[in-house]
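Peer 1: One structure is given below, represented as structure tokens, and several questions about it will come after.
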Amino acid sequence: MIKKALTIAGSDSGSGAGIEADLKTFCSFGVYGLVAITAITAQNTYEIREIRELDAKIVREQIIAVAEDFGVDAAKTGMLYSGEIIKEVRKVVKDYQFPLVVDPVMLSKTNTLLLKEDAIEKLENLFKISTLITPNINEAEFLSSKKITNLDDAIEVAKTLFEKYKTNILIKGGHLKGEAIDILYNGELKLFKSQRVSGCTHGTGCSFSAAITACLAKGEELEEAIKKAKDFIIKSIRNSYRIGKKYCPVNSLSILEEKAKRWETYRELKESVKELISLNPLHLIPEVGSNFVYSLPYPYNKDINDVAGVEGRIVKTKRRVVPVGDIDFGVSDHLARAILTYMEFYPEVRSCLNIKYSEKTIEKAKKYFKVSFYDRRKEPEDVKKREGATIPWGVREALKFGKVDIIYHLGDYGKEPMILIFGKNPKEVLEKLRLLI
């Protein structure tokens, strides 16, 4: 039976934080999302223009309505805004006794106050009946009246808050310098470390706490829930879309999107490889073999593991063109680097096939396509010394004069000349190949 998670928070009209981010996160973890809205905001990526709190009674009734019907396996709070709302939330949570993650939302990224001053004391009362509190550095400083400048400071503050509220404390270390380290203290210390990633960060706190809540709803232990939530938020930041004018939102659906994109990419390439084999272009298969690759779309095209290809390449026998292995991700090196480099300039171009070089093929190609060239003999020494740098350098050289369909080079010592055909997808690459057969 599907588990249910409840978010008690404000609405973000930009859909980057608040209940909108929470629901997307619940969906990504396969739990059913329930909602109790505390306030409505008019906001975008650079400002919160208006906040309208709801009456505390309707907040309470929302929670009771879903708890009585659906049941709640775990819940989280976000922006509670007023003391009256917090008071009612505390009463209901105490009655139903479901696990509660409290994200003490006090200040937005745009420095808008998200909690009335008279609500602090009541919020601290809510802390004492919660399962976990997830303050960021600024919130932890406010709650402890202590300055945090490094990891040791954050650990001491976590211990102080644990003694004060008698519940699990998770201080989010995103604002600390160096590694992104989150500090869990519940009588014992546990650090959750990760490398920093670039991307969008609006809604990070909401989505992180929602991910922990979803895992708790599924019955997972707290430490495992935090670990999975941290992995999730890293992907959500890294795979975000740069939309809006300032603080772009995390992509809380990135896990689901990436799984779907991987399947679509695999299926489309597999069908096109079958079609390539039926064409049987023996005379166009180079001595080193061909490969046919298809990258995940932006923003999922981070490295060669995000590019599907033919394991072991495509080779020619006496009469047939044959794929050595199946379609998989991360099995191509040279061609994967070529398409990833091309996508830096034209992200819509995601597929590439290498074929045998001949003057005749290039002359024919020039009749139909835009063709470019790079000279491997002119490759700088510092590029030659870096493993895997040759192909990206060559593609960048060939694209200096704009978008092209075909890039070729004449080889170098021990390197076979080659033609690369590019397209938006494998079917478009095959259409171009047919004109060359």
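The values are calculated or read from the model by the stated rules, or taken from the named source; none is laboratory data. Note that this is a predicted model, so its numbers are computed, not measured. Note: ideal-geometry Cβ built from the backbone for every residue, glycine included; neighbour counts use all protein chains shown. Note: areas computed on protein heavy atoms with side chains; ligands, DNA, RNA excluded. Shrake-Rupley method; radii C 1.70, N 1.55, O 1.52, S 1.80 Å.
Peer 1: Within the range 365-392, track down each residue that is open to solvent by 50 Å² or more (accessible area, probe 1.4 Å) and within 26 Å of E428 (Cβ to Cβ).
Peer 2: Scanning the range 365-392 gives K366, K367, Y368, K370, F373.
Peer 1: Modelled with pLDDT of 95 or more, over 18 Å from A210 (Cα atoms) and of a type outside the set (D, E, K, R): does that describe L54? Quick ask: steps written out before the conclusion?
Peer 2: Values: modelled with pLDDT of 95 or more: yes; over 18 Å from A210 (Cα atoms): yes; of a type outside the set (D, E, K, R): yes.
Answer is yes for this residue.
Peer 1: Only one residue in L410, L335 is closer than 22 Å to P297 by Cβ, out of contact with any Ser or Thr (no Cβ under 6 Å at 6 or more places or on another chain) and not hydroxyl-bearing (S, T, Y), so which one is that? Walk me through how you get there before you give the answer.
Peer 2: Values: L410 fails: closer than 22 Å to P297 by Cβ.
Result: L335 is the single residue among L410, L335 that is closer than 22 Å to P297 by Cβ, out of contact with any Ser or Thr (no Cβ under 6 Å at 6 or more places or on another chain) and not hydroxyl-bearing (S, T, Y).
Peer 1: With E84, E61 as the choices, which residue is touching a helix residue (DSSP H, G or I) at 6+ places or on another chain (Cβ under 7 Å) and surrounded by fewer than 22 Cβ atoms within 10 Å (Cβ to Cβ)?
Peer 2: After ruling out the rest, the residue left standing is E84.
Peer 1: Specify which of the listed residues (I137, I212) is touching a Ser or Thr at 6+ places or on another chain (Cβ under 9 Å), within 30 Å of A39 (Cα to Cα) and open to solvent by less than 20 Å² (accessible area, probe 1.4 Å).
Peer 2: I212
Peer 1: Condition first: out of contact with any strand residue (DSSP E or B) (no Cβ under 7 Å at 6 or more places or on another chain), small (G, A, S) and open to solvent by 30 Å² or more (accessible area, probe 1.4 Å). Can you find one or more residues in the range 202-209 that meet it?
Peer 2: No, because not a single residue in the range 202-209 is out of contact with any strand residue (DSSP E or B) (no Cβ under 7 Å at 6 or more places or on another chain), small (G, A, S) and open to solvent by 30 Å² or more (accessible area, probe 1.4 Å).
Peer 1: I would also like to ask the following. So R242 ticks every box in (1) farther than 19 Å from V197 by Cβ; (2) under 13 Å from the mean Cα position of the chain (by Cα) but one. Which box is left unticked?
Peer 2: It is condition (1) that R242 fails.
Peer 1: Right, next: Enumerate the strands (runs of 3 or more DSSP E) found wholly within the range 357-437, keeping only those where 3 or more residues are of a type in the set (A, V, I, L, M) and in contact (Cβ under 8 Å) with a residue 24 or more places away in the chain. Break it down into steps so the answer makes sense when it comes.
Peer 2: Values: elements: 371-373, 406-409, 418-423.
Hits in the range 357-437: 418-423.
Peer 1: Hey, does the range 89-102 have a residue that's under 19 Å from A229 (Cα atoms), in contact with a helix residue (DSSP H, G or I) (Cβ under 8 Å, 6 or more places away or on another chain) and open to solvent by 60 Å² or more (accessible area, probe 1.4 Å)?
Peer 2: no
Peer 1: Please report, ordered by residue number, the strands (runs of 3 or more DSSP E) entirely within the range 26-79 with at least 1 residues that are under 31 Å from the mean Cα position of the chain (by Cα) and without any contact (Cβ under 8 Å) to a residue 40 or more places away in the chain. Give the steps one after another, and end with the answer.
Peer 2: Values: elements: 32-43, 48-53, 74-77.
Qualifying strands (runs of 3 or more DSSP E): 32-43, 48-53.
Peer 1: Also: Out of G16, G30, report the one residue that is within 20 Å of S209 (Cα to Cα) and at pLDDT below 95.
Peer 2: Working: G30 fails: at pLDDT below 95.
That would be G16, the only listed residue that is within 20 Å of S209 (Cα to Cα) and at pLDDT below 95.
Peer 1: Another one. Please indicate, with yes or no, whether at least one residue in the range 105-123 is open to solvent by less than 20 Å² (accessible area, probe 1.4 Å), at pLDDT 95 or above, of a type outside the set (V, I, T) and in a loop (DSSP other than H, G, I, E, B).
Peer 2: Within the range 105-123, not a single residue is open to solvent by less than 20 Å² (accessible area, probe 1.4 Å), at pLDDT 95 or above, of a type outside the set (V, I, T) and in a loop (DSSP other than H, G, I, E, B).
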